[in-house]
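Novice: Pasting in a structure now, in structure tokens, and then I'll have a few things to ask.
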């Protein structure tokens, strides 16, 4: 039957999935796609995959199905496939439900139209590919999901995580110490690929096993010192099944994180505490620079999860102390130690811009909101010599710091919410790549000038504050990071709500 004739038949009886009373090859293909939704971290039960598969098989065997039953199956299969394609492309939940406030994405993908065109043109597999997020790291996560799912269902490996590792001697395990849990530890490291198979099992913690622990620590955002302490022990006790869920949550986030909305994108991944800057040309994504960052502390000073536009760079900036910091921290400190006001380069600014020096009356005015405190440019300025301006209601910026030693820490959620960047000159070069007159020498001179100067960008740069607790390294190693803000727990709860709704048939 020709494509044109197929279209005529479909239009006549209003059905996508039947031809001459029997399910088409496209129908069988559709139920196969739904049955394997878990390959993309989606739950086949949300699409009633089991029942639809059984019904399509039954309708294929029994030509005596009524027109009403065929119509109902046709409608249900179409609805399930539309939902599947939409979930695969846009994600299953609105990120705003978990306070991840990304700007709305243009809905250029119409699941209903894509599905109908694909079925009529017998291009269902192509439709699934079109719905799949185009990022290379999504495909890498898909492979990681399959790897950890195999490990989670391997009956020879799963007993390794049925019980927790025994308590550590003296609350930590160092080289040369005896440890009753060493055989299980070695088996877990072997199963995870951090230690070669058939490693020598001993009751004494040795250098070879410590190397495996260091590899594990590096993959899990922990200081790779080979010492097993509380955090390393907790990470070692996380089962492969829990890691499967962590990968699924990260895949869900990639469906609605706006990574390709501009030709130049800066992505700050909060759990990893790293920044990456990309150039985007069509479907090609090129990493231009990568650096450590310091983000907001949990739970009180979180860096907001959102996207926005960088519009300017301030060289040798003032630091206008936010009221929350001034009232809770700085004013009490200055009342106790007033000499720090001049030593740290602070000054009072009134509502009409009048600058004044220290007085207790001015501190009272700050508490009433009638004055503010700002810090002059200089080596002690909390912003450092450069600030990347992204207008937003939370007064969140990218900037350098007067305490660069903090970048050496492995856990770096240490700020009041702003993002401190390790290599400000490199970031400025990326941001100003279409300002050829601003070379490295000029950037550094402006940073060192001590005179505040604001440079407006000719083209804004998109900044995405992301929250991904899983990442694939260039060498294929799978990295896991702590859920520092509890956002994975919130997303997991939201997705379970989606499943409950699907099971109720809503």
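The values are calculated or read from the model by the stated rules, or taken from the named source; none is laboratory data. All values reported here derive from a predicted model rather than from experimental measurement. Cβ: placed from backbone, ideal geometry, glycine included. Neighbour counts: every protein chain shown.
Novice: Do we find a residue being closer than 23 Å to residue 305 by Cβ, without any contact (Cβ under 8 Å) to a residue 60 or more places away in the chain, part of a helix (DSSP H, G or I) and outside the structural domain of residue 410 (by TED's automatic domain parsing) anywhere in segment 472-488?
Specialist: Within segment 472-488, not a single residue is closer than 23 Å to residue 305 by Cβ, without any contact (Cβ under 8 Å) to a residue 60 or more places away in the chain, part of a helix (DSSP H, G or I) and outside the structural domain of residue 410 (by TED's automatic domain parsing).
Novice: Something else: Just to be sure I understand, how many residues within segment 88-114 are touching a residue at least 40 places away in the same chain (Cβ under 8 Å), part of a helix (DSSP H, G or I) and over 20 Å from residue 41 (Cα atoms)?
Specialist: 0
Novice: I'd like to verify a number: residues in segment 343-382 that are part of a helix (DSSP H, G or I) and either in contact (Cβ under 8 Å) with a residue 24 or more places away in the chain or closer than 26 Å to residue 446 by Cβ (or both), how many? Write out each step before concluding.
Specialist: Taking segment 343-382 and keeping what is part of a helix (DSSP H, G or I), we get 343, 360-367.
This time we only want the ones that are either in contact (Cβ under 8 Å) with a residue 24 or more places away in the chain or closer than 26 Å to residue 446 by Cβ (or both), so: 343, 360, 363, 366-367.
Residues meeting the conditions: 5.
Novice: Further question on the same structure: Which is in a helix (DSSP H, G or I) and at pLDDT below 95, of 133, 159?
Specialist: 159
Conditions (1) surrounded by fewer than 20 Cβ atoms within 10 Å (Cβ to Cβ); (2) more than 35 Å from the chain's Cα centre (by Cα); (3) modelled with pLDDT of 95 or more, marked per residue:
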site: 291; (1), (2), (3): yes, no, yes
site: 303; (1), (2), (3): no, no, yes
site: 315; (1), (2), (3): no, no, yes
site: 320; (1), (2), (3): yes, no, no
site: 342; (1), (2), (3): yes, yes, no
site: 353; (1), (2), (3): yes, yes, no
site: 363; (1), (2), (3): no, yes, yes
site: 379; (1), (2), (3): yes, no, no
site: 383; (1), (2), (3): no, no, no
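Novice: Quick one: in segment 159-172, of everything that is closer than 14 Å to residue 205 by Cβ and touching a residue at least 60 places away in the same chain (Cβ under 8 Å), which residue is farthest from the chain's Cα centre (by Cα)?
Specialist: Ranking the candidates gives 168 first.
Novice: Against the condition surrounded by fewer than 17 Cβ atoms within 10 Å (Cβ to Cβ), modelled with pLDDT of 95 or more and either touching a strand residue (DSSP E or B) at 6+ places or on another chain (Cβ under 8 Å) or within 19 Å of residue 411 (Cβ to Cβ) (or both), how does residue 234 come out, does it pass?
Specialist: Numbers: surrounded by fewer than 17 Cβ atoms within 10 Å (Cβ to Cβ): yes; modelled with pLDDT of 95 or more: yes; either touching a strand residue (DSSP E or B) at 6+ places or on another chain (Cβ under 8 Å) or within 19 Å of residue 411 (Cβ to Cβ) (or both): yes.
Answer is yes for this residue.
Novice: Also, quick follow-up: Which one of these does residue 118 not meet: (1) within 30 Å of the chain's Cα centre (by Cα); (2) buried (at least 19 other Cβ atoms within 10 Å of the Cβ)?
Specialist: Checking residue 118 against (1) within 30 Å of the chain's Cα centre (by Cα); (2) buried (at least 19 other Cβ atoms within 10 Å of the Cβ), the one that fails is (1).
Novice: Could you grab me the full set of residues in segment 187-221 that are more than 22 Å from residue 156 (Cα to Cα), in contact with a helix residue (DSSP H, G or I) (Cβ under 7 Å, 6 or more places away or on another chain) and in a helix (DSSP H, G or I)?
Specialist: Answer for segment 187-221, where residues must be more than 22 Å from residue 156 (Cα to Cα), in contact with a helix residue (DSSP H, G or I) (Cβ under 7 Å, 6 or more places away or on another chain) and in a helix (DSSP H, G or I): just 217.
Novice: Within segment 417-437, count every residue that is under 32 Å from the mean Cα position of the chain (by Cα), assigned to a loop (DSSP other than H, G, I, E, B) and more than 22 Å from residue 380 (Cα to Cα). Spell out the reasoning first.
Specialist: If we filter segment 417-437 for residues that are under 32 Å from the mean Cα position of the chain (by Cα), which is where we start, we get 417-435.
Applying the additional criterion that residues be assigned to a loop (DSSP other than H, G, I, E, B) yields 417-418, 422-423, 432-435.
Pick out the ones that are also more than 22 Å from residue 380 (Cα to Cα) and you get 432-435.
Summing the residues that are under 32 Å from the mean Cα position of the chain (by Cα), assigned to a loop (DSSP other than H, G, I, E, B) and more than 22 Å from residue 380 (Cα to Cα) in segment 417-437 gives 4.
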